[in-house]
2 protein chains.
Amino acid sequence: MTTYTHETVPTQFVEANGIRFAYRRFGKTGGVPIVMNIHFRGTMDHWDPAVTDGLAQQREVILFDNAGIGASSGVTPASIPGMATDAIAFIKALGISKADILGYSIGGKVAQEIAVQAPDLVRKLILVGTGPRGADTAASKGGEIFATSYDPPEHLWIAAHFLPNEDGHAAGLKYLERKHRRKDRSPEVSEASAAAQWKAIASSNVKTDGVWDYLADIHQPTLVVDGSNDLIIPTVNGFTLQQHLPNAQLIVYPDSSHGPHNQYPELFVAHATLFLNA
Amino acid sequence: MTTYTHETVPTQFVEANGIRFAYRRFGKTGGVPIVMNIHFRGTMDHWDPAVTDGLAQQREVILFDNAGIGASSGVTPASIPGMATDAIAFIKALGISKADILGYSIGGKVAQEIAVQAPDLVRKLILVGTGPRGADTAASKGGEIFATSYDPPEHLWIAAHFLPNEDGHAAGLKYLERKHRRKDRSPEVSEASAAAQWKAIASSNVKTDGVWDYLADIHQPTLVVDGSNDLIIPTVNGFTLQQHLPNAQLIVYPDSSHGPHNQYPELFVAHATLFLNA
């Protein structure tokens, strides 16, 4: 049997909910797989291979493009719960009855809603650079970071995931290099899908009385990981998640922004593996 | 050479600053040792052997009674910086020029002041269940927990370190059992020394403008570890430390209070070892 990596694993397709989902599956089989939910404007190719290959040493890793994203068909819903419904249909279509769910940024919001809608499907959650419904985004620089033009354009992701300092820039360049090694890539996210995602984020972040109450019903062991100064979804949201989830561990890394796992991939993989194996 | 453990290591003595310091030293030699600073009313025998023996697998562990505490002579200073001065004299008297410093609760405050007074002595810091100068203690239950009588008296430490729920109580009983296996013990902290410690804590927690500025000068890699609901030094103080120290990682454990490392000793040792070995 061939051992695939992030770079070599072929894209496969599965139908569910009338959507043709593109996905990739690799790593050590036989245990509970981990399903990865990516950030705003991200496809399967926006994961850091140092993270995915690291996790794949001890478990099966499943990357996918959700509805309307990348190589998948369908329409991107303008709500996080809608994205979660699609993700659940995808996971079940693979014949999986129990999965660990990792979500990054908007993907972390989707991961929470997967746990809300399909609690029996989820063994453990890892939430990276994200927040709860009704997140505190007062200090977010997300709007301006995504509205700026970059040369080359992919430097958007250095601005979005790393701090604007020397270490952040160096880590960002390395991350981009790792990310671009793979040649067979999903198409970038369309403007229409990005607009739907933006709408979904905005509506998820509306603050209402008791907006965090749903967290008390997410009983899965959860690992929350944040950068010290998340410029997109402020770090205080990770603390809020930890304080309101019944069984959550929080890890905050120093000198980092919205991409803590991309900045410290080996450490993140070690922490995530400790958590998932416990 | 005999391999000592927490339970079997003999107490030794060293003179410095006119104080006869009692200490115990065990574990794997040849690297940077870790010096452990204990909590309010604590002696060398208040460390959890599951933590100290776990750390000792990969490094030399040094437990000691600071001035006026347990089996050491001298007078307990009524200030945290005074305690740090004594601790530094003790460490240097052992001929150590570089150490990792772990501090728990008041010991975490001492650890910070050791880094302030002797930056070249300190390689890395681990701060457990503690806070900065000017800590936010509005929600602390410390006063009432320490003012209450317990039967048996050592159940004070279940109340002080664990949450008042089923898991917390069970973890607390196990911790006490581990802690009491050793028979050759330091005398308990005197009322006079406890009063000096209480004074030191109160004066350290006074809030003034810029009270957290000193944290910017502690450049050592620091691991901050907290329980989700620290009833003695509220968890928000760990977040404050992480946000104001230039190079700090924060880990918060679920369903735990002022003794996160006593509740999850294996996980704590794994996290601390990852941090110290990095």
Item to check | Any hit, the stretch A:184-192, residues being hydrophobic (A, V, I, L, M, F, W, C), without any contact (Cβ under 8 Å) to a residue 40 or more places away in the chain, exposed (fewer than 14 other Cβ atoms within 10 Å of the Cβ) and more than 10 Å from chain B (Cβ to nearest Cβ) | outcome: no
Checklist entry - Among A:Leu250, A:Leu241, A:Leu215, A:Leu223, which is touching a residue at least 40 places away in the same chain (Cβ under 8 Å), within 27 Å of B:Asn229 (Cβ to Cβ), hydrophobic (A, V, I, L, M, F, W, C) and out of contact with any His (no Cβ under 9 Å at 6 or more places or on another chain)? => result A:Leu241
Item to check | Residue in the stretch A:254-268 that is part of a helix (DSSP H, G or I), of a type in the set (A, V, I, L, M, F, W, C) and at pLDDT 95 or above present | outcome: yes
Item to check | Where A:Leu63 falls short, out of the listed (1) modelled with pLDDT under 95; (2) under 17 Å from A:Asn262 (Cα atoms) | outcome: (1)
Item to check | A:His271, sole failed condition from (1) in contact with a Phe, Trp or Tyr (Cβ under 8 Å, 6 or more places away or on another chain); (2) not in a loop (DSSP other than H, G, I, E, B) | outcome: (1)
Next on the checklist: Here's a check for you: in the stretch A:193-243, which residue that is facing chain B (nearest Cβ under 10 Å) and assigned to a helix (DSSP H, G or I) is surrounded by the fewest Cβ atoms within 10 Å (Cβ to Cβ)?
Outcome noted: A:Val236
Checklist entry - When residues of the stretch A:245-277 are filtered for being more than 7 Å from chain B (Cβ to nearest Cβ) and over 26 Å from B:His244 (Cα atoms), how many remain? => result 5
Next on the checklist: Taking the condition of being crowded, with 24+ Cβ neighbours inside 10 Å and either touching a Pro at 6+ places or on another chain (Cβ under 7 Å) or of a type in the set (Ser, Thr, Tyr) (or both), how many residues in the stretch A:42-56 meet it?
Outcome noted: 2
Checklist entry - Within the stretch B:131-144, is there a residue that is outside any loop (DSSP other than H, G, I, E, B), surrounded by fewer than 19 Cβ atoms within 10 Å (Cβ to Cβ) and at pLDDT below 95? => result yes
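A quick yes/no check of all residues on (1) of a type in the set (D, E, K, R); (2) touching a Pro at 6+ places or on another chain (Cβ under 8 Å); (3) more than 26 Å from B:Ile34 (Cα to Cα):
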{"residue": "B:Glu166", "(1), (2), (3)": "yes, no, yes"}
{"residue": "B:Glu177", "(1), (2), (3)": "yes, no, no"}
{"residue": "B:Gln197", "(1), (2), (3)": "no, no, no"}
{"residue": "B:Asp209", "(1), (2), (3)": "yes, no, yes"}
{"residue": "B:Asn237", "(1), (2), (3)": "no, yes, no"}
{"residue": "B:Thr240", "(1), (2), (3)": "no, yes, no"}
Checklist entry - Among the residues of the stretch B:85-107, is there at least one that is among the acidic types (Asp, Glu) and part of a loop (DSSP other than H, G, I, E, B)? => result no
Checklist entry - If you take the residues of the stretch B:102-136 that are out of contact with any Asp or Glu (no Cβ under 8 Å at 6 or more places or on another chain) and of a type in the set (Lys, Arg), which of them is nearest to B:Phe40 (Cα to Cα)? => result B:Lys109
Next on the checklist: Regarding the stretch A:57-79, can at least one residue be identified that is in a helix (DSSP H, G or I) and surrounded by 18 or more Cβ atoms within 10 Å (Cβ to Cβ)?
Outcome noted: no
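The values are calculated or read from the model by the stated rules, or taken from the named source; none is laboratory data. As the structure is a computational prediction, the values presented were derived from the model and not from experiment. All Cβ positions, glycine included, derive from the backbone under ideal geometry; neighbour counts span all protein chains shown.
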